[in-house]
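The structure appears right after this line, and notes come after that.
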Amino acid sequence: MRRVFSNTKFVFFLVIFLAIFLRILGLTTRYIWYDEAFSILLSEKGLPAILYATLAPGTGTAAADIHPPLYYYLLSDWIKIFGNSVPAARLLSITVGMGIVILIYLLARLIFDAKTANVAALLLAINPFQIHFAQEIRMYGLMALWLLLATYSFLRGRKSGDWKWWGLFALSSALAQYTHNLSAFYLVSLAAVPILQKDWKALKYVFWGGLVALILYFPWLIHIPAQFAKVQHAYWIERPMPSRFFTLLLEYVSNPTQSFGWTAFALFTALTVFALGLFQTIHAYRLNKYDVQDGLFLFYMAFMPPLLLFIFSQWLPVYLERALLPSAGMFCLWLVWAFTRTRVPNPIRLIAFSVLLISSATGFQQHLTDSTGVYAPFDKLDAFLKDRYQLGDVIVHSSKLSMLPAFYFDPTLPQVFIADPPGGSNDTLAPATQKILGINSEPDLVAATKGASRIWFIILTRSIEEFTAAGAATHPQLQYLEITDKLDLHETWGGVELYLFLNKP
């Protein structure tokens, strides 16, 4: 057995098999939510519709949406081949996620050796944060793939001086920006490495590679002011506090869990692993041994992009942990360096990897079983409503968050949602985008329920809890319906509440 597992190629294929297996689990059973439904509904409309829904004027000079179109374009072509079902759409994300695992392996092999690369790939393969976004029908995995490819090209080009690697660096950097605007924070951090290390030859290559990337990105760069105006006008993200550092570690090591007890445990394990890794890094730096410059590079790329994003978000809040997926990959590489290449005592190494394994297992279990918050069995809810829908009924969603997943599963079911207050922090779905998607909204409940004999009302449980936590009796929309109409039915479906109100005489 020792001889078998000393074969690094064999171990690599085992890791790849494990990564695929973990990413396929829950492929069909996990519920979709608003963002995933939006991705499918927009992508299936085709390329011209994607561009219009993204760039059509919103409020004032703002764009309708804040995301570049590359992921939607790619998903659109994928849907044409494999269909628009949830499993088919998620297979694209899984394919991208496997590319991330392979890139982490290649990075570790380039910096260290094949054995270390296998450990790094294994750590990433079982990481719940990576698994989650290897299944979600969004662009964050694709962004991470391009940025890690840019990192690999940067290191290969720096080592060899070959222009083909710098060409790949330019191309992957541009593709990352076409996938998500927040890629810039990772790329700026990477481009600053030659300056920090006083490697002026590499800086020259980075300059020219960056210039080519900007030229490639220019057709979309001219639209950035309008997309930033959208963020300034209406965006749901709040200004981050220093406590987000702990949330970041939670994401890197596990995933924030539903239970307070599990969250406390996950935070303890994350802080423990981080403290041990930091101690080994400081120890290696003092001795100037154990490939310490490589370790410092990995640490820098794990934490500089979030720091830049945090600082920028004090002016314009755009801080999203999921946009830090590539830095999470570098965090895994840093941990592997700290615990395998700095002569850590075996008991400490055993504790560190045991903690990581337990934390990954609990985070993965929570990932598979999460049916609260924004998740619900909208397909079954649609079937329930269709069987009971009568002439004169209206189906009203409290917000777009439940409307889009329900609309995805049954676009023939007549449903409307209450539009977000214009200019509010949640006013993110522009009228132009609604038109492309084919969905209907009303300004308030009065307009949405006018003339109805029965009102089916759907609202996220979380939305009600937010108001009750603030001291209100219930959500204002629900309170209005309870006053004006008679409650006939109330059921809970995962993370949503379904009510049936009868019109009072």
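The values are calculated or read from the model by the stated rules, or taken from the named source; none is laboratory data. For clarity, every value in this text was computed on a predicted model and none was experimentally measured. Virtual Cβ from ideal backbone geometry, glycine too; neighbours counted across all protein chains shown. These accessible areas exclude ligands, DNA and RNA; they are computed on the full protein's heavy atoms, side chains included. Shrake-Rupley method; radii C 1.70, N 1.55, O 1.52, S 1.80 Å.
Mean residue ellipticity at 222 nm from the helices of the chain, using -39,500 (n - 2.57) per DSSP H segment of n ≥ 4 over the full residue count, to the nearest 500 deg cm²/dmol? Can you show the working numbers first?
Working: 25 runs with 331 residues, N = 505.
Taking each H run of at least 4 residues, the total per residue is -21000 deg cm²/dmol.
Taking the square roots of 5 times each eigenvalue of the Cα gyration tensor of region 114-173, largest first, gives ellipsoid semi-axes of 25, 17, 5 Å.
Available extension along the chain between residue 211 and residue 164 is 15.4 nm, counting 0.36 nm per residue and deducting the alpha carbon span.
Once the C-beta distance of residue 278 and residue 74 is scaled by a Förster radius of 35 Å, the resulting FRET efficiency is 0.40 to the nearest 0.05. Near residue 367: Cβ cut-off under 14 Å, other residues only, Lys/Arg at +1 and Asp/Glu at -1. The net charge is +1. For residue 496, the residues 5 or more places off, or on other chains, whose built amide H falls under 5 Å of its own are 461. Dimensions of region 380-463 from C-alpha coordinates, computed as largest minus smallest value along each principal axis and given longest first, are 36, 27, 26 Å.
Across region 291-297, rounded Karplus estimates of 3J(HN,Hα) from the backbone phi angles (6.51 cos²θ - 1.76 cosθ + 1.60, θ = phi - 60°) give 6, 5, 5, 5, x, 5, 4 Hz, Gly and Pro being marked x. Summarising the amide proton neighbourhood of residue 441: residues at separation of 5 or more, or on other chains, whose placed amide H is nearer than 5 Å comprise 417. When the convex hull of its Cα atoms is viewed from all sides, the chain shows a mean projected area of 25.5 nm².
Diffusion of region 335-427 by Stokes-Einstein, at 25 °C in a medium of 0.890 mPa s and with Rh set to the Kirkwood radius over alpha-carbon pairs, works out to 139 µm²/s. Beyond 30 Å in Cα-Cα separation lie the following of the pairs 164/289; 45/486; 115/159; 9/164: 164/289; 45/486. Per-residue SASA remark: residue 52, around 110 Å² accessible (1.4 Å probe; ligands, DNA and RNA not included). Approximating the spin labels as points 7 Å out from Cα along Cα→Cβ, the residue 9-to-residue 222 distance works out to 5.1 nm.
Out of the total accessible area of the chain (probe 1.4 Å, heavy atoms of protein only), what percent is carbon and sulfur?
Numbers: 14520 of 22080 Å².
Accessible surface attributable to carbon and sulfur in the chain totals 66 percent.
With the biggest extent put first, the Cα atoms of region 255-333 measure 40, 34, 19 Å across the principal axes.
What does the charge add up to near residue 499, with Lys and Arg as +1, Asp and Glu as -1, over the other residues with Cβ less than 12 Å from its Cβ? Walk me through the numbers on the way to the answer.
Numbers: positive: 454, 486; negative: 482, 485, 488, 491, 497.
Charge balance near residue 499 sits at -3.
What do you reckon, how do 310, 21 stack up by accessible area (1.4 Å probe), largest on top?
Working: 310 50, 21 105 Å².
Solvent-accessible surface, decreasing: 21, 310.
Computed from phi, the 3J(HN,Hα) profile of region 336-344 under the Karplus parametrisation 6.51, -1.76, 1.60 (θ = phi - 60°) reads 4, 4, 5, 9, 10, 10, 10, 6, 6 Hz, with x in place of Gly and Pro.
Within the assembled protein chains, the solvent-accessible surface assigned to residue 85 is about 50 Å², based on a 1.4 Å probe.
What does the charge count around residue 417 come to, taking other residues whose C-beta lies under 11 Å from its C-beta (Lys +1, Arg +1, Asp -1, Glu -1)? Present the calculation step by step, with values, prior to reporting the outcome.
Values: positive: 400; negative: 420, 442.
Computed value for this residue: -1.
Across every pair of non-identical alpha carbons in region 401-450, the mean reciprocal distance, once inverted, gives a Kirkwood radius of 11.6 Å.
Stretching the chain fully between residue 387 and residue 440 yields a gain of 16.9 nm (0.36 nm per residue, less the alpha carbon separation).
I need the shape label for region 56-206. Rule: rounded when a/c is under 1.5, else prolate if a/b > b/c, else oblate, with a, b, c from the alpha carbon gyration tensor. Because a/c hits 1.5 or more and a/b fails to exceed b/c, region 56-206 counts as oblate.
Based on alpha-carbon centroids, what's the gap between region 135-166 and region 250-310 in Å, whole number please? One Cα centre to the other: 22 Å. The fraction of all Cα pairs in region 311-354 landing in successive 10 Å bins from 0 to the largest distance is 24, 32, 23, 17, 4, given as whole percents. Per-residue surface analysis assigns residue 12 an accessible area of about 40 Å², computed on protein heavy atoms at 1.4 Å probe radius.
Loop only per DSSP, at most 14 neighbouring Cβ atoms within 10 Å: give me the trypsin sites (Lys or Arg not before Pro) in region 262-358, ordered by residue number.
Working: sites: 286, 289, 322, 341, 343, 349; in loops: 289, 341, 343.
The qualifying sites are 289, 343.
Accessible surface computed residue by residue for the chain, with neighbouring protein chains in place and a 1.4 Å probe, gives 44 Å² per residue.
Sorted by mean Cβ packing within 10 Å, highest first, what order do the peptides 325-334, 202-211 take?
On the way: 325-334: 27.9, 202-211: 17.6.
Highest-to-lowest ranking by the protection proxy: 325-334, 202-211.
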